[in-house]
Structures are given as C-alpha cells and as structure tokens.
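What follows is a set of notes on a single structure, which appears directly below.
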Amino acid sequence: MDIDILGIDLAKRVFQLHGADRGGSAKYGAKVMRAELLTIVRKLAPRIVAMEACSSAHYWGRRFKELGIEVRLISPQYVSPFVKTNKNDANDAAAIVEAASRPTMRFVPVKSVEQQDMRAVHRVRELLVHQRTALINQVRGLLGERGVIIAQTPAAFKRAVPVALAQCEGDMTSTFQAILIELLEQMRFLEERITRTNQWIAAFMKHSVLCQKIQAIDGVGPITATAMVAAVGDAKEFKNGRHLSAWLGLVPRQYSSGGKSRLQGISKRGDTYLRTLLIHGARVVLRYAIGKADARSRWLQDLIARRGYNRAAVALANKNARVIQVLLSHPDSYRLSDRSV
C-alpha cells in the first residue's frame, strides 16, 4: 500500500488513522488500539506522519522518528478549517492530512525528553505559586474580617502574620490563632516545594550552555531562559525573530480592510506563561534604567517617554524575544561574552 502521509487523530486508547498518497487520494482508514499503533505504522511505512500538537503528540513523535519517519505536528487551530461537514474522528484525521499537505503550513517541533522535563518543572512551579497566592489571599481575607490589613506581597504577609499571632486579645481568639498556624504550616510547605523547583531550574541552567547564553540578555533570568528553551527548542521553525514574537502574542493585533491598516493592542496569542515572564523581565530592566546615563538606559528612558511604561515594557519584551530566536536558531554563532544582543 503506497501511503505518502498518514494522519493520526490522537486519543488515550483508540486512534483514528487516515492515509493518503502523494496526490491526496485516500488510501487507508482505520481505528487502531493504543497497543497496536506502532506495529500498524511500521507496517504501513508512510513517508510522513501528521498529528495535532496535543499532550501526547511529542511522545509519539519521538517513537515515529525512531522508525525513520518524518513527523509533522500541527497546532489544532490550523486543522479546524479543514474539517469537512460534521466533526468526528475520521473527519479529524482526514483534516490533519489535508492541513499537513499545505505548502505554507507551520509545524510544531517535536520536543525532546529534556525539554519536557524543563516544561514539567515550570508547570509544577507555576501551580505551587498559584496555590501560595491563593493561600495568602485567603489569610488576608480572614485577617481583614478581624480588622488586620496586610499588603498583597508574600514578604508583607510573612512580616504581618507573626504580629497578628502575638495579639492574644480582642478578636484574635485562640481558635482563630490555631487556624492561622495551620495555614502558615501549609504556606511553609509550599515555600519548600517552590525552593525545590528553583533548584531544579538552577540545575538545568548549569548543564545547558544555551540557557546560559539566553540568560545573558538583560531582562532574562534562569526561569525565563529555561522556559524558552523548553517551549521553543530549535527556533529554526520560525522564519525570523518577528515570527517568534508573533507566536508569543507580543505584536499588535491587526484588523485591516479596504486598504486601511488598523493596529490594536497586542494579540496575546500563544503561551501566556512565556509572554508574562518576558514582560515582567522587561519591567525590571526599565525600572533600573531610570536615572542612568549610559546609551542603553537613555534609549529605554526615551522609549518610556514616547510610548509610556507599559508599552515600553512590551516593546522591550518583543525585542528580547527576537534576540532569543536568533540564539536558539544559531546556538554556535554567539559566545557568552557577546553583549551586542
């Protein structure tokens, strides 16, 4: 059976396959159980396997690459327009083949195990930070009901709660103090877990020269550097740095018609976590640039004066994303001492 491209609609147990020849004509279609998938794909021997870039796509992509098959992962939003009539597994698999056959289609690189390890650490850390924030807000709300007001930062929380516990009179009853102690224990547990994830990130930084090069950019620290390497990896899939910025949602959203160009706020596409890290890093750079007299600081001060603080932060984050794309695409072309970036 001459199958040039095989589309797979991924699932947990039952996978839908759709095979087509070079002309696009359907040659194969079947449902396959998980345990049989590798055997069937090896028997069909397609030149290309196409899948949507979902949670298990990178695992299967690595397995198919081991068989010598080219793997194409497609963002689900690019597959949806090719679904004909009703949505079902068979039509989804056929749409994947159709989308993967387009010459202008953009594909997602298959992530390595190391990249997925980095990604897992960042996801766990993000979850722990959210849980810590929720816990702090809960305690702030409980203390606010007793007339004790605390600022929103974790540092202010750590300073204020021991003072509240020391008050043994009025509304601060023994029962309420026991509740606060219980919540503080939970807070301490979360802090220990966050510290451990930071240690894992530091270990990734120590063993990755590429992460160290990215960290040399002003406004990029270990967390941002490892997150970018984990999410992007080989940035050659992006034609240039502006494409990476657009993928991160750091470029203006366009709504143009009739020859009139209308640019709105940033599109906020892509990974919110990466975009947030880049913008927060840019804010730190802008804050410390105020009052300095070197050329870069003067340029940043002028940027703030012309665009405002928030737009300047987004503009600097956009520039940093373009520099990161160059470093990821050509990792051997820049030394750690290069500061021209």
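The values are calculated or read from the model by the stated rules, or taken from the named source; none is laboratory data. Not measured: the values here are computed from a predicted model. We place every Cβ from the backbone using ideal geometry, glycine too, and count neighbours over all the protein chains shown. Ligands, DNA and RNA are stripped out before the accessible areas are found, and what is left, the full protein with its side chains, is counted by its heavy atoms. Shrake-Rupley method; radii C 1.70, N 1.55, O 1.52, S 1.80 Å.
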Residue satisfying condition, being at pLDDT 90 or above and closer than 23 Å to GLN116 by Cα, within set VAL284, VAL220: VAL220
Cβ-Cβ distance below 9 Å, separation of 6 or more or different chains: which pairs start in the stretch 115-129 with a residue that is closer than 24 Å to MET187 by Cα and of a type in the set (Asp, Glu) and end on one that is open to solvent by less than 50 Å² (accessible area, probe 1.4 Å) and part of a helix (DSSP H, G or I)? GLU126/TYR273
Can you name the helices (runs of 4 or more DSSP H) wholly within the stretch 15-82 that have at least 1 residues being open to solvent by less than 50 Å² (accessible area, probe 1.4 Å), among the β-branched types (Val, Ile, Thr) and touching a residue at least 12 places away in the same chain (Cβ under 8 Å)? 37-44, 76-79
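Per-residue answers, yes or no, for (1) touching a Ser or Thr at 6+ places or on another chain (Cβ under 6 Å); (2) of a type in the set (Val, Ile, Thr); (3) closer than 30 Å to ALA225 by Cα; (4) without any contact (Cβ under 8 Å) to a residue 24 or more places away in the chain:
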{"position": "SER174", "(1), (2), (3), (4)": "no, no, no, yes"}
{"position": "THR197", "(1), (2), (3), (4)": "no, yes, yes, no"}
{"position": "PHE204", "(1), (2), (3), (4)": "yes, no, yes, no"}
{"position": "LEU210", "(1), (2), (3), (4)": "no, no, yes, no"}
I want to confirm something. Restricting to the stretch 281-334 and keeping residues that are touching a Leu at 6+ places or on another chain (Cβ under 9 Å), not in a helix (DSSP H, G or I) and not aromatic (Phe, Trp, Tyr), which single residue is farthest from GLY249 (Cα to Cα)? LYS292
Does the stretch 109-132 contain at least one residue that is at pLDDT 90 or above, within 22 Å of VAL49 (Cβ to Cβ) and touching a strand residue (DSSP E or B) at 6+ places or on another chain (Cβ under 6 Å)? yes
Here are some conditions: (1) closer than 22 Å to GLN215 by Cβ; (2) surrounded by fewer than 18 Cβ atoms within 10 Å (Cβ to Cβ); (3) out of contact with any Pro (no Cβ under 7 Å at 6 or more places or on another chain). TYR309 meets all but one. Which one does it not meet? (1)
Quick check: is even one residue across the stretch 271-278 open to solvent by less than 80 Å² (accessible area, probe 1.4 Å), within 30 Å of SER75 (Cα to Cα) and in a loop (DSSP other than H, G, I, E, B)? yes
Looking at (1) assigned to a helix (DSSP H, G or I); (2) open to solvent by 40 Å² or more (accessible area, probe 1.4 Å); (3) in contact (Cβ under 8 Å) with a residue 12 or more places away in the chain, can you tell me which one GLN152 breaks? (1)
Restricting attention to the stretch 174-194, report how many residues are modelled with pLDDT under 90 and open to solvent by 60 Å² or more (accessible area, probe 1.4 Å). 4
Could you list, in sequence order, all residues of the stretch 219-239 that are over 28 Å from ALA289 (Cα atoms) and surrounded by fewer than 19 Cβ atoms within 10 Å (Cβ to Cβ)? ALA231, ASP234, LYS236, GLU237, LYS239
Residue pairs, Cβ under 6 Å, 6 or more apart or interchain, first in the stretch 269-294 and under 26 Å from VAL229 (Cα atoms) and free of Cβ contacts under 8 Å to residues at least 40 places away in the same chain, second open to solvent by 80 Å² or more (accessible area, probe 1.4 Å) and of a type outside the set (Asp, Glu). List them. GLY270/TRP247
Would it be correct to say that VAL161 is touching a residue at least 40 places away in the same chain (Cβ under 8 Å), out of contact with any Phe, Trp or Tyr (no Cβ under 7 Å at 6 or more places or on another chain) and closer than 17 Å to LEU190 by Cβ? no
Within the stretch 240-266, how many residues turn out to be at pLDDT 85 or above and either in a loop (DSSP other than H, G, I, E, B) or farther than 18 Å from LYS319 by Cα (or both)? 5
